[in-house]
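Notes to accompany the following structure.
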Amino acid sequence: MSKLFYPKDYKFKDPKIRNQKELQDLYDRFANDFEGTWDQFAKEKISWLKPYDKVLDDSNKPFYRWFTNGKLNVAHQCVDRHLEENKNKVAIIFEGDDGKSDVITYRKLGQKVNRTANLLTNEFKIQKGDRVIIYMPMIPEAIYMMLACAKIGAIHSIVFGGFSAEALRDRISSAAAKLVVTADGAFRKGKSYMLKPIVDKALEIGCECVKKVCVVKRNFEEIVIGDKDVIYNDLIDLQSPKANSPLHDSEDPLFLLYTSGSTGKPKGIQHSMGGYMLWAHLTMEWVFDLKPTDTYWCTADIGWITGHTYAVYGPLSVGATTVIFEGVPTYPDAGRVWKMVEEYSINQLYTAPTLIRTLRQHGPTEPEKYDLTSLRVLGTVGEPIDEETWLWYYNEVGSGNCSVVDTWWQTETGGHMISPLPAATPMVPGSATKHLPGIWAEILDENGKMVTKVGEKGLLCITRPWPSMARNIWGDTDRFVESYFNKNDFAGNMIYFTGDGAFYDEYHNIVITGRVDDVINVSGHRLGTAEIEDSVNKHFYVGECAVVGKPDKIKGEAVFAFIRLTEPCDEKLILKEINIILKREIGSIALVDSLLVVDNLPKTRSGKIMRRILRDIAKKEEVKGDLSTIEDPSVVAYIQEKFKEKY
Ligand code: WT7
């Protein structure tokens, strides 16, 4: 049996959920009165500007509506409502790549958001419901922009700064955005880099929908100023620092965030205002034990869902201090993160296993050099965490005193679904433990029957709706239903399918085994194999290819390609050239790590590549599952042999 690690009580003063009994009570409350319990939390945590009529409207499944006809304003919830009591409290600590920091109080944040909201309305004529693309570095202006959009009811869609011009163009066009907000560039590892030229390129190759580009000057490098470009810095101080908070409906979209699926183009996941904010707020309190007096740091970029919910909306809704960092955690050395924890007395640190593995590799004893006693909760997210990494985080970073919360969730879930509670749950390295109160997570087999046996693998599903669930895929309702709700449980109820496999351990904790679909997870970032393959196939000498995830010590998974060539060529050269294409079409996060040239790929009789077989081979696992549909069974042994020779 794996060892259990119990929370250290002295670290937690007055946590929201104190112990296992209180946790059980909360489960029972939800089980006995699902809507009533949500109702109570919604009233307690959200400053409704007009009360809702109904907690949950499930008359049109899977298009659930939460807190119907309730009105709120997310900027009011995250900023303005804190001003009465806490105006001079620090909302954001910003640390630049160069180590210089800036402190933004709630009052200053409120003024900045208002000026930015006025700029959006007056200068850019942005109205409620318009889409605004944010393609920015991690600087405070990016957050002012998010909250300003929220204030006026514009829908932001943040595109991670590592995506290429083509990937950016696809997202801009799909959202039919009127405005793109960017920066000239920013700083990374002591050097300046550029973003604006990538926006220029995206607009050159498409995006007629874009009327204006708003440029925040950060590195002050030279940029080409075109007809559509407007410089933020020139206009922002001319705007009034006052703005009212219009009433928005609970179900109005707050943002879109594009994420990869197993087929086709990225999906614009659409989140709502009311339900999303409730769960962002509650999970901050439950999972991180976040108090308004805490200083909290989530290292995720705002280009990912973690950066939305847990660097911006969640911590600000609670009224705490959130740390925003422009730079790279390993620069100037592997002590950067620990130095920042000491300097700002950070209470909760939230990051990805990949980063923990990197920091450990570069400086296993670095944490010792700093005073990390302020830490209470250590969070991880994005990929499974191996036991060794978990133990290093727990022992070397947390000195064996902090709770480690391994949080399982997805872009689509909006917030945490499965996680320990820091004062209540006995922790097991490598398991996100149990579903949170209010969340119904089950492991089901192919026929929708509940899996209950320890160790038996099944599909992770969520069987009841929850407030922060995705509401739609922008412009593609059919795909929304097809991607997530095409499975029923045994009793015929509609359920949400996560795309992950899982099993129960001996404590009835859920252990996630990873994606069961054609999505790979590199350093906690989701990539679709179909998108990568589309690009790889553009290489002149690539006849066919299949891309899978290959286990990697640091990144969790690395992109691996099986390729059939039309002409014999040098493998190294092919890899280099393929990566030039990938960098152009998607960005450097999607590069192929290694490849194998083969004469044949496993296919069904109808000609579909059987990627799951290749996945098993790349994982060096036994090839499982039904092989009856394979066209030529000898291909499996052939590829296995070739793979073994090389890797
Ligand atoms: C996929 C979602 C949630 C924010 C970051 C990624 C994997 C996420 C864990 C975890 C094991 C995890 C799953 C999931 N994942 N958290 N704690 N343990 N796997 O968001 O890009 O939407 O990816 O990340 O496979 O389906 P995302």
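Values computed for the structure shown
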read-out: Matching residues in the stretch 251-276 - criterion: being away from the ligand (no atom under 16 Å from the Cβ), within 17 Å of ALA148 (Cα to Cα) and out of contact with any Asp or Glu (no Cβ under 6 Å at 6 or more places or on another chain); value: ASP252, PRO253, LEU254, GLY274
read-out: Residue list for the stretch 373-403, restricted to those being touching a Phe, Trp or Tyr at 6+ places or on another chain (Cβ under 6 Å) and away from the ligand (no atom under 11 Å from the Cβ); value: VAL377, LEU378
read-out: First in the stretch 385-412 and touching a residue at least 12 places away in the same chain (Cβ under 8 Å), second anywhere and charged (D, E, K, R) and within 13 Å of the ligand (Cβ to nearest atom), Cβ under 9 Å, 6 or more apart; value: ILE385/ASP406; TRP390/ASP406; TRP408/ASP500; GLN410/ASP500; GLN410/ARG526; THR411/LYS267; THR411/ARG526; GLU412/LYS267
read-out: Conditions (1) acidic (Asp, Glu); (2) open to solvent by 30 Å² or more (accessible area, probe 1.4 Å); (3) within 16 Å of the ligand (Cβ to nearest atom); (4) in contact with a Lys or Arg (Cβ under 9 Å, 6 or more places away or on another chain): number failed by ASP517; value: (4)
read-out: Neighbours by Cβ (under 6 Å, 6+ apart or cross-chain): first from the stretch 522-544, on the phi < 0 side of the Ramachandran plot and in the same structural domain as ILE581 (by TED's automatic domain parsing); second open to solvent by 30 Å² or more (accessible area, probe 1.4 Å) and within 15 Å of the ligand (Cβ to nearest atom); value: VAL522/LYS555; VAL522/GLU557; HIS525/ILE589; THR529/ASP518
read-out: The stretch 36-59, residues that are under 19 Å from SER245 (Cα atoms), crowded, with 17+ Cβ neighbours inside 10 Å and of a type outside the set (Phe, Trp, Tyr); value: LYS45, ILE46
read-out: Residue count for the stretch 289-308, restricted to those that are under 15 Å from PRO329 (Cα atoms) and in contact with a strand residue (DSSP E or B) (Cβ under 7 Å, 6 or more places away or on another chain); value: 3
read-out: Scope the stretch 484-514; condition within 23 Å of PRO467 (Cβ to Cβ) and either open to solvent by less than 50 Å² (accessible area, probe 1.4 Å) or within 11 Å of the ligand (Cβ to nearest atom) (or both); matching residues; value: TYR484, PHE485, ASP489, ILE495, TYR496, PHE497, THR498, GLY499, ASP500, ALA502, ILE510, ILE512
read-out: Qualifying positions in the stretch 576-606 - without any contact (Cβ under 8 Å) to a residue 24 or more places away in the chain and either under 30 Å from LYS201 (Cα atoms) or open to solvent by less than 60 Å² (accessible area, probe 1.4 Å) (or both); value: LYS576, ASN579, ILE580
read-out: Check on LEU247, open to solvent by 20 Å² or more (accessible area, probe 1.4 Å), aliphatic (A, V, I, L, M), closer than 13 Å to VAL74 by Cα and more than 16 Å from the chain's Cα centre (by Cα); value: yes
read-out: Hits in the stretch 82-127 (condition: open to solvent by less than 10 Å² (accessible area, probe 1.4 Å) and among the hydroxyl-bearing types (Ser, Thr, Tyr)); value: TYR106, THR116
read-out: Restricting the stretch 183-233 to residues that are touching a Gly at 6+ places or on another chain (Cβ under 9 Å) and among the β-branched types (Val, Ile, Thr), the residue that is nearest to LYS128 (Cα to Cα); value: VAL213
read-out: Residues being touching a residue at least 60 places away in the same chain (Cβ under 8 Å) and of a type in the set (Gly, Ala, Ser) - total across the stretch 200-249; value: 3
read-out: Residue count, the stretch 27-66 (criterion: among the aliphatic types (A, V, I, L, M) and closer than 21 Å to ASP80 by Cα); value: 3
read-out: Checklist (1) near the ligand (Cβ under 7 Å from one of its atoms); (2) in a helix (DSSP H, G or I); (3) open to solvent by 10 Å² or more (accessible area, probe 1.4 Å) applied to GLU412, failing item; value: (3)
read-out: Only one of GLU123, GLU84 that is within 18 Å of ASN244 (Cα to Cα) and without any contact (Cβ under 8 Å) to a residue 12 or more places away in the chain; value: GLU84
read-out: Residues (within 15 Å of the ligand (Cβ to nearest atom) and outside any loop (DSSP other than H, G, I, E, B)) located in the stretch 419-447; value: MET427, THR433, HIS435, ALA441, ILE443
read-out: In the stretch 393-422, residue nearest to the chain's Cα centre (by Cα) [restricted to those that are within 14 Å of ASP500 (Cβ to Cβ) and β-branched (Val, Ile, Thr)]; value: THR411
read-out: One residue from SER192, SER174, SER157 being open to solvent by 20 Å² or more (accessible area, probe 1.4 Å), touching a residue at least 60 places away in the same chain (Cβ under 8 Å) and not in a loop (DSSP other than H, G, I, E, B); value: SER174
read-out: Residue list for the stretch 448-487, restricted to those being part of a helix (DSSP H, G or I) and closer than 19 Å to ARG515 by Cβ; value: ARG479, PHE480, GLU482, SER483, TYR484
read-out: Given (1) assigned to a strand (DSSP E or B); (2) more than 27 Å from the chain's Cα centre (by Cα); (3) not basic (Lys, Arg), index of the condition LEU56 fails; value: (2)
read-out: Hey, ARG471 more than 16 Å from the ligand (Cβ to nearest atom), within 22 Å of TRP279 (Cβ to Cβ) and of a type in the set (Lys, Arg) or not; value: no
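Yes/no per residue for (1) of a type outside the set (A, V, I, L, M, F, W, C); (2) open to solvent by 10 Å² or more (accessible area, probe 1.4 Å):
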residue: THR283; (1), (2): yes, no
residue: VAL287; (1), (2): no, no
residue: THR293; (1), (2): yes, yes
residue: PRO329; (1), (2): yes, yes
residue: LYS339; (1), (2): yes, yes
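The values are calculated or read from the model by the stated rules, or taken from the named source; none is laboratory data. Here the structure is a predicted model, which means the values were calculated and not measured. Every residue, glycine as well, gets a Cβ built from its backbone with ideal geometry; the counts of neighbours run over all protein chains shown. The protein model used for the area step is the full one, side chains on, heavy atoms only, and it has no ligands, DNA or RNA in it. Shrake-Rupley method; radii C 1.70, N 1.55, O 1.52, S 1.80 Å.
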